[in-house]
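*Asks:* Here it is: the structure, laid out below.
A short reminder: the numbers here are calculations on the coordinates, not readings from a lab. Just so you know, these numbers come straight off a predicted model, no measurement behind them. A quick note on method: Cβ atoms are made from the backbone with ideal geometry, for glycine too, and the neighbour counts reach across all protein chains shown.
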Amino acid sequence: MRRRPLFAANWKMNKTPAQASDYVANFWAAAEALASRADIVLCAPFVDLETLRVALEPSSVRVGGQDCFWEPAGAYTGEISAAMLAAMKVTYCIVGHSERRRLFGETDETVAKKTAALVRAGLTPIVCVGETLEEKQQGATAARVRAQIEAGLGAMSDEERASLVIAYEPVWAIGTGLADDPASANETIGIIRAAAGGLDRARVVYGGSMSADNARAFCAQPNIDGGLVGSASLDPRGFIGLIQNGLSGMAKG
Ligand code: PGA
């Protein structure tokens, strides 16, 4: 049986609260029409979360963060805890995105601590893994994603692992317009599903230049449960079109 599809927007460092509010006005009715078939999540900058909480209260669209710190509270200037996100009715949070690994020093160890903190606070982590171009060229993709999954989730129970979302995002495909080949992404996700004691029940989505044009082909692959979408999520109508195409791919897949 197909796992429940999930499409998450990753707005990254884009959209003020006023822009987030405009987005929702052009998004929620069409998103609501799709919500019986997929979980739809907007992962937004911290400053937009309250606007989204209020604007999306009557809808099934969920709000996500893009990062968190692993301690619940304390002297950690500039940080936001998983418990704080939970208090704002945020239900998902991206962790270990490659931009955070590359630009802000995230490691497999810090990703593991953040993932555990999110689970403790009752949020669903969207754990990002993926190889760099260099690792791909060296034929090290399988080893890299396996190591990231094992470091990040090794200590979790079966039930906790089943509730996670994993995003397979080849680093070289992010924001470049050069998406992976769907069959190759499906194969790598098969490796991810076999890691850390088995992730058959967890949802695994693809990310990296997913677009309305290629969503159908990715989502027709049996291991791919949806997308984590950056650039193509910034326009509300474009993101709706991508979700519709992805769902039609799953219906065929
Ligand atoms: P992209 O970003 O869709 O713009 O490639 C995806 C991501 O970074 O999550």
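*Asks:* Given the conditions (1) away from the ligand (no atom under 15 Å from the Cβ); (2) outside any helix (DSSP H, G or I); (3) touching an Asp or Glu at 6+ places or on another chain (Cβ under 7 Å), which single one is not true for Val204?
*Replies:* With respect to (1) away from the ligand (no atom under 15 Å from the Cβ); (2) outside any helix (DSSP H, G or I); (3) touching an Asp or Glu at 6+ places or on another chain (Cβ under 7 Å), Val204 is out only on (1).
*Asks:* Considering only region 238-252, I want to know if a residue exists there that is of a type in the set (A, V, I, L, M, F, W, C), surrounded by fewer than 21 Cβ atoms within 10 Å (Cβ to Cβ) and free of Cβ contacts under 8 Å to residues at least 24 places away in the same chain.
*Replies:* Yes.
*Asks:* Among the residues of region 91-125, which ones are part of a loop (DSSP other than H, G, I, E, B), away from the ligand (no atom under 16 Å from the Cβ) and under 14 Å from the mean Cα position of the chain (by Cα)?
*Replies:* Listed by number, the residues that qualify are Thr91, Leu123.
*Asks:* Among the residues of region 68-87, write down those that are more than 19 Å from the chain's Cα centre (by Cα), of a type outside the set (Phe, Trp, Tyr) and part of a loop (DSSP other than H, G, I, E, B).
*Replies:* Of everything in region 68-87, those that are more than 19 Å from the chain's Cα centre (by Cα), of a type outside the set (Phe, Trp, Tyr) and part of a loop (DSSP other than H, G, I, E, B) turn out to be Glu71, Pro72, Ala73, Gly74, Ala75, Thr77, Gly78, Glu79.
*Asks:* Let me ask another. When region 185-228 is examined, which residues are found to be in contact with a Phe, Trp or Tyr (Cβ under 8 Å, 6 or more places away or on another chain) and surrounded by fewer than 18 Cβ atoms within 10 Å (Cβ to Cβ)?
*Replies:* None - no residue of region 185-228 is in contact with a Phe, Trp or Tyr (Cβ under 8 Å, 6 or more places away or on another chain) and surrounded by fewer than 18 Cβ atoms within 10 Å (Cβ to Cβ), so the list stays empty.
*Asks:* Gly190 - would you say it is assigned to a helix (DSSP H, G or I), at negative phi and away from the ligand (no atom under 12 Å from the Cβ)?
*Replies:* yes
*Asks:* Another question about this same structure. Search region 218-239 for residues being part of a helix (DSSP H, G or I) and farther than 17 Å from Arg4 by Cα, and hand back the single one that is nearest to the ligand (Cβ to nearest atom).
*Replies:* The residue in question is Ser231.
*Asks:* Please count how many residues of region 129-183 are of a type in the set (A, V, I, L, M), within 16 Å of the ligand (Cβ to nearest atom), part of a loop (DSSP other than H, G, I, E, B) and buried (at least 20 other Cβ atoms within 10 Å of the Cβ).
*Replies:* Looking only at that region, the number is 2.
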